[in-house]
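Enquirer: Can you read through this structure? Questions will come right after.
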Amino acid sequence: MAGRWIDVWEPEDETFWREKGERIAKRNLAFSVLSEHIGFSIWSLWSVMVLFMGPQYGIDPAGKFFLIATATVVGAVIRIPYTFSVARFGGRNWTVFSALMLLLPTGFAFAVMEPGTSYSTFVLVAALTGVGGGNFASSMTNINAFFPLRKKGWALGLNAGGGNIGVPVVQLVGLLVIGTAGAAHPRIVLGVYLPLIVVAAVCSALFMDNLTPVKNDTGAVREAVRARHTWIMAFLYVGTFGSFIGYSFAFGLVLQTQFGRTPLQAASLTFIGPLLGSLIRPLGGSLADKHGGARITLGTFAAMSAATGVVIYASVIESLTVFLVGFIALFVLSGLGNGSTFKMIPAIFLAQGHRKGLSGETAEAYGRRLSGASMGLIGALGALGGLGINLAFRQSFQTVGTGTGAFVAFLAFYAACMVVTWAVYLRRPPVVPDTAESAEEPETRPGYAKV
């Protein structure tokens, strides 16, 4: 596609932003949200399809968990190339292409979604839905380039939240179909999304723009890969976003398998957690701005540990009501943590710039380069947490028949996340020169951003 290219883009120039930039940026944001939203819906499609797969499909719970795990891992891995495709092909062009790519998994699922289809075919089609997970990375990279630093938090929060809501929306569509047409008609869900994908692609082609100044910074990527904070934040993001996407995919299947819910009963509850987790994500970023991302993240992991304890207790006493309270709390808290952890990244690399002796705009430019380069990798690795959750559920149900063992493992992981957050970003270090490489709390040092 030749596309529409903007050769001069200076969002930090207040006059440019006021007279021209803001209008263009908000238009691109609106249609980026639409495309990313549908991408998330297709990525999480098999969290709905498995609810339609009754005994006539001949697939046990472990096999169903493997289907959604397959979609998770492909969606996580594909985020890395999607991150760099915006600069290579243009934000508008790549948004159109990535939207049209969603026709493949949706169309193939429409063709094969019936009893008698081989399990290997279902695995292949589930893998194809992973392309929807890549849309998040390219969309965030694209929108990050359109907005000035003072507006990035709001824009990226809205973009991410609007995308995440695609998970509960497809689950609501599934609920509507099961409640009206019955569990024997999964193709209706797919038929709803096929035209929506075309609409998203057409709107992106008509109303979005490419930015010529956006280039891939391979030097920044190499430096981000070498930076220890990239890997530390990826670990923490596994605990927040990995939990959100993993639980979103598995919730309905856990209700069916562990508590014997019918497809309609499971579908009527499945969407609640992802919806609340998506809506609260911007609040996590806002609280991080006010109180520091590390403090909010630590509190979030502590609360997630407590909620996991509630879920384990509910599993032991076989109480669906208590289980729902704990599980929905996990969704809300993971959404809160999504916002706070992502807000930590720019502040951490700004602090690193100060440690290198940089100041003012030079330090801010360094922070933008490194945080932008690291976000794609952090997002990809964080999404792999969803794979871990679904594989843990698969193993737990396969060996003991319940998800209790998986939740015990999640509790241990959240405890590890608490320790890492405190040790690296909150523990007050001994008095040492600012050039020391010991664990530090950046906000306690002169010139450090609030992490």
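The values are calculated or read from the model by the stated rules, or taken from the named source; none is laboratory data. Just so we're clear, the structure is a prediction, and the values are computed from it rather than from any experiment. Ideal geometry is used to build each Cβ from the backbone, glycine not excepted, and the neighbour counts take in all protein chains shown. To get the accessible areas, we keep the full protein, side chains included, count just its heavy atoms, and leave off ligands, DNA and RNA. Shrake-Rupley method; radii C 1.70, N 1.55, O 1.52, S 1.80 Å.
Enquirer: Could you check segment 73-153 for helices (runs of 4 or more DSSP H) lying wholly inside it with 1 or more residues that are surrounded by 23 or more Cβ atoms within 10 Å (Cβ to Cβ) and modelled with pLDDT under 90?
Expert: Fully inside segment 73-153 and qualifying: 79-89, 131-146.
Enquirer: Going through segment 68-103 one residue at a time, which ones are within 12 Å of residue 142 (Cβ to Cβ) and hydroxyl-bearing (Ser, Thr, Tyr)?
Expert: The answer is 82, 83, 85, 95, 98.
Enquirer: State all residues of segment 306-318 that are within 16 Å of residue 402 (Cα to Cα), surrounded by 15 or more Cβ atoms within 10 Å (Cβ to Cβ) and without any contact (Cβ under 8 Å) to a residue 40 or more places away in the chain; if no residue qualifies, say none.
Expert: Selection gives 310, 313, 314.
Enquirer: Considering segment 211-252 alone, what residues qualify as being crowded, with 18+ Cβ neighbours inside 10 Å and in contact with a strand residue (DSSP E or B) (Cβ under 8 Å, 6 or more places away or on another chain)?
Expert: Listed by number, the list holds a single entry, 211.
Enquirer: What residue, of 283, 255, 287, 298, is surrounded by 23 or more Cβ atoms within 10 Å (Cβ to Cβ) and in contact with a helix residue (DSSP H, G or I) (Cβ under 9 Å, 6 or more places away or on another chain)?
Expert: When all the criteria are applied, what remains is 255.
Enquirer: Something else: Can you find, within segment 289-316, the residue that is farthest from residue 424 (Cα to Cα) among those that are in contact with a Lys or Arg (Cβ under 7 Å, 6 or more places away or on another chain) and in a helix (DSSP H, G or I)?
Expert: By that ranking, first place goes to 289.
Enquirer: Taking residue 433 and the conditions (1) modelled with pLDDT under 85; (2) open to solvent by 30 Å² or more (accessible area, probe 1.4 Å); (3) touching a helix residue (DSSP H, G or I) at 6+ places or on another chain (Cβ under 9 Å), which numbered condition does it fall short on, given that it satisfies the others?
Expert: The single condition residue 433 does not satisfy is (3).
Enquirer: Another question, if that's okay. Would you confirm, using the coordinates I've provided, whether residue 427 is farther than 18 Å from residue 238 by Cβ and touching a residue at least 60 places away in the same chain (Cβ under 8 Å)?
Expert: The answer is no for residue 427.
Enquirer: In addition: Of the residues 234, 205, 201, 220, which single one is part of a helix (DSSP H, G or I), modelled with pLDDT under 90 and touching a helix residue (DSSP H, G or I) at 6+ places or on another chain (Cβ under 9 Å)?
Expert: 220
Enquirer: Tally the residues that are assigned to a helix (DSSP H, G or I) and surrounded by 22 or more Cβ atoms within 10 Å (Cβ to Cβ), restricting the search to segment 264-274.
Expert: 5
Enquirer: In addition: List every residue pair whose Cβ atoms sit under 7 Å apart, with the two residues 6 or more apart in sequence or on different chains, where the first one lies in segment 122-150 and is in contact (Cβ under 8 Å) with a residue 60 or more places away in the chain and farther than 15 Å from residue 21 by Cα and the second, anywhere, is of a type outside the set (Gly, Ala, Ser) and not in a helix (DSSP H, G or I).
Expert: 130/78; 131/78; 131/102; 132/102; 133/78; 134/78
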